[in-house]
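Visitor: Dropping the structure in here first, questions after.
The values are calculated or read from the model by the stated rules, or taken from the named source; none is laboratory data. The shown structure was predicted, so the numbers you read here are calculated from the model rather than taken from an experiment. Backbone-built Cβ (ideal geometry, glycine too); neighbour counts: all protein chains shown.
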Amino acid sequence: MTDEKPDHSPDPAMLAKAETLTEALPYLQRYAGKSFVIKYGGHAMGSPSLARNFAEDIVLLKQVGINPVVVHGGGPQIGAMLERLGVESKFVDGLRVTTKETAEIAEMVLSGAINKQLVSWIEQAGGSAIGISGKDGSFVKAVKLRRTARDPGSNIERIIDLGFVGEPNKVDRSLVDTISSSGTIPVIAPIGVGEDGHTYNINADTMAGAVASAIGAARLFLLTDVAGVLDKKGDLLTDLDPSMIRTLSEDGTIAGGMIPKLETCVKAVEDGVDAAVVLDGRIPHAMLLEIFTSKGAGTLVRDDFETVE
Ligand code: ADP
Ligand code: MG
């Protein structure tokens, strides 16, 4: 027999968990009753285990009194389906032209497959979710996207016709409000309907921003497949405002899919959304870390650094 006393001191790992919870308290109090719009995937949606983590995070937000509204993308999945069906795409300046046939396939993938998959992940995580697109209740009216490009040789501006690609021009918040207030999480596919009755594909970042502005969201989260906005050396830029973003855009630091993402962030914060965050969707629970701890993650975009709570 030894006379060593049993160790009743608390397990440090358990203590750390309790500390994390108490650290979250001020954030829980601050955000209860507020709406957060979260844009998820295409690329961040790649792994089912990450998707399950994501669904758990969304259910947790709802449980603590925040109203999460999910908007999803699906570029890679649409690309894969077009390939499977042998539909060739034409690209203009790197942007896919959406013919009537492509738009039909995109709607099948977005509204049919991805939307319902996300709903079912949220349901499996113990939440309640309803999947809609902008066509339901015609809640997102869209107009054809007009894009122009300057010809480098002649410097003449020409119109690029991307087909059935639109941008939201009117968002009726009542359907989203009705779903959220009934304890359910709206999951939105980025499709709008034109006054002409046509179906328009909308960039999911743009769609998320328009929904965030319409419902007066406190936060807009854009989950993607990079750590955030990176500078020319590849280092993470943690805080940006609209004028810094204009500079990054002019000097070519941001390109490709990051352009609509940051245009969306600027528009959202100028429209009254408190802050927009570009977050790494590849990191498990990145959103919870950003919301409930003092350590921010990703890139925070705000209009005025003084006024964000
Ligand atoms: P998502 O499917 O999440 O919308 P996108 O491919 O449309 O992703 O946009 C994110 C991509 O933007 C990154 O994977 C990266 O290739 C590109 N990108 C361009 N410029 C930057 C930058 N300065 N910082 C980070 N990513 C950038
Ligand atoms: Mg994108």
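Visitor: Would it be correct to say that residue 69 is more than 16 Å from ligand 2 (Cβ to nearest atom), among the hydrophobic types (A, V, I, L, M, F, W, C) and in a loop (DSSP other than H, G, I, E, B)? Lay out the reasoning, then the answer.
Guide: Working: more than 16 Å from ligand 2 (Cβ to nearest atom): yes; among the hydrophobic types (A, V, I, L, M, F, W, C): yes; in a loop (DSSP other than H, G, I, E, B): no.
Taking the combined requirement at face value, the residue does not satisfy it.
Visitor: For residues that are charged (D, E, K, R) and touching a strand residue (DSSP E or B) at 6+ places or on another chain (Cβ under 9 Å), scanning just the stretch 268-281, find the one that is nearest to residue 241 (Cα to Cα).
Guide: Selected residue: 274.
Visitor: Within the stretch 29-42, restricting attention to residues that are touching a residue at least 24 places away in the same chain (Cβ under 8 Å) and out of contact with any Leu (no Cβ under 9 Å at 6 or more places or on another chain), which residue is nearest to ligand 2 (Cβ to nearest atom)?
Guide: Per the criteria, the residue is 42.
Visitor: If a residue counts only when it is within 17 Å of residue 72 (Cα to Cα) and over 15 Å from the mean Cα position of the chain (by Cα), which strands (runs of 3 or more DSSP E) contained entirely in the stretch 167-208 have at least 1 such residues?
Guide: In the stretch 167-208, the matching strands (runs of 3 or more DSSP E) lie at 191-193, 199-201.
Visitor: The conditions are (1) polar (S, T, N, Q); (2) out of contact with any His (no Cβ under 7 Å at 6 or more places or on another chain); (3) under 23 Å from residue 109 (Cα atoms); (4) within 16 Å of ligand 1 (Cβ to nearest atom), and residue 199 fails exactly one of them. Which is it?
Guide: Status for residue 199: all satisfied but (4).
Visitor: Report, ordered by the first and then the second residue, all pairs with beta carbons closer than 9 Å, sequence separation of six or more or different chains, a first member in the stretch 108-131 that is charged (D, E, K, R), and a second member that is assigned to a helix (DSSP H, G or I) and at pLDDT 95 or above.
Guide: 123/55
Visitor: Quick test for you: out of 24, 16, 55, pick the one residue that is loosely packed, with under 12 Cβ neighbours inside 10 Å, part of a helix (DSSP H, G or I) and more than 16 Å from ligand 1 (Cβ to nearest atom).
Guide: Selected residue: 16, the only one of 24, 16, 55 that is loosely packed, with under 12 Cβ neighbours inside 10 Å, part of a helix (DSSP H, G or I) and more than 16 Å from ligand 1 (Cβ to nearest atom).
Visitor: Something else now. If residue 175 meets every condition in (1) more than 10 Å from ligand 1 (Cβ to nearest atom); (2) within 22 Å of residue 281 (Cβ to Cβ) apart from one, which number is that one?
Guide: (2)
Visitor: Mind checking which pairs have a first residue in the stretch 58-85 that is more than 17 Å from residue 123 (Cα to Cα) and a second that is within 14 Å of ligand 1 (Cβ to nearest atom) and in a strand (DSSP E or B), Cβ under 9 Å, 6 or more apart or different chains?
Guide: Close Cβ pairs (under 9 Å, with a partner that is within 14 Å of ligand 1 (Cβ to nearest atom) and in a strand (DSSP E or B)) amount to 73/39; 73/40; 75/96; 78/96; 78/201; 79/96; 82/96.
Visitor: Looking only at residues that are more than 16 Å from ligand 2 (Cβ to nearest atom) and part of a helix (DSSP H, G or I) in the stretch 248-265, which one is farthest from residue 215 (Cα to Cα)?
Guide: 250
Visitor: So, one more: Any residue that is near ligand 1 (Cβ under 10 Å from one of its atoms) and either more than 16 Å from residue 36 (Cα to Cα) or within 13 Å of the chain's Cα centre (by Cα) (or both) - is there at least one of those in the stretch 285-293?
Guide: no
Visitor: Restrict the check to the stretch 189-206 and report whether at least one residue is under 22 Å from residue 60 (Cβ atoms) and crowded, with 22+ Cβ neighbours inside 10 Å.
Guide: As a first pass, look at the stretch 189-206 and keep what is under 22 Å from residue 60 (Cβ atoms): none.
No - not one qualifying residue is present in the stretch 189-206.
Visitor: Could you run through the stretch 266-300 and say how many residues are within 16 Å of ligand 2 (Cβ to nearest atom) and out of contact with any Lys or Arg (no Cβ under 9 Å at 6 or more places or on another chain)?
Guide: Final tally of qualifying residues: 8.
Visitor: Right, next: Condition first: without any contact (Cβ under 8 Å) to a residue 60 or more places away in the chain and within 10 Å of ligand 1 (Cβ to nearest atom). Now tell me which residues in the stretch 205-234 satisfy that.
Guide: Scanning the stretch 205-234 gives 226, 230, 231, 232, 234.
Visitor: Something else now. Does residue 250 satisfy the condition of being within 14 Å of ligand 1 (Cβ to nearest atom) and acidic (Asp, Glu)?
Guide: Judged against the criteria, residue 250 is a match.
Visitor: Which residue is farthest from ligand 1 (Cβ to nearest atom), if the candidates are limited to the stretch 235-247 and must be farther than 27 Å from residue 285 by Cβ and among the hydroxyl-bearing types (Ser, Thr, Tyr)?
Guide: Of everything passing the filter in the stretch 235-247, 243 is farthest from ligand 1 (Cβ to nearest atom).
Visitor: Further, regarding this structure: Given the condition away from ligand 1 (no atom under 16 Å from the Cβ), crowded, with 19+ Cβ neighbours inside 10 Å and either of a type in the set (A, V, I, L, M) or over 20 Å from residue 206 (Cα atoms) (or both), answer yes or no: does some residue in the stretch 79-101 qualify?
Guide: No, because not a single residue in the stretch 79-101 is away from ligand 1 (no atom under 16 Å from the Cβ), crowded, with 19+ Cβ neighbours inside 10 Å and either of a type in the set (A, V, I, L, M) or over 20 Å from residue 206 (Cα atoms) (or both).
Visitor: Name, by its number, the condition in (1) outside any helix (DSSP H, G or I); (2) of a type in the set (Gly, Ala, Ser); (3) within 12 Å of ligand 1 (Cβ to nearest atom) that does not hold for residue 296.
Guide: Every condition holds for residue 296 apart from (3).
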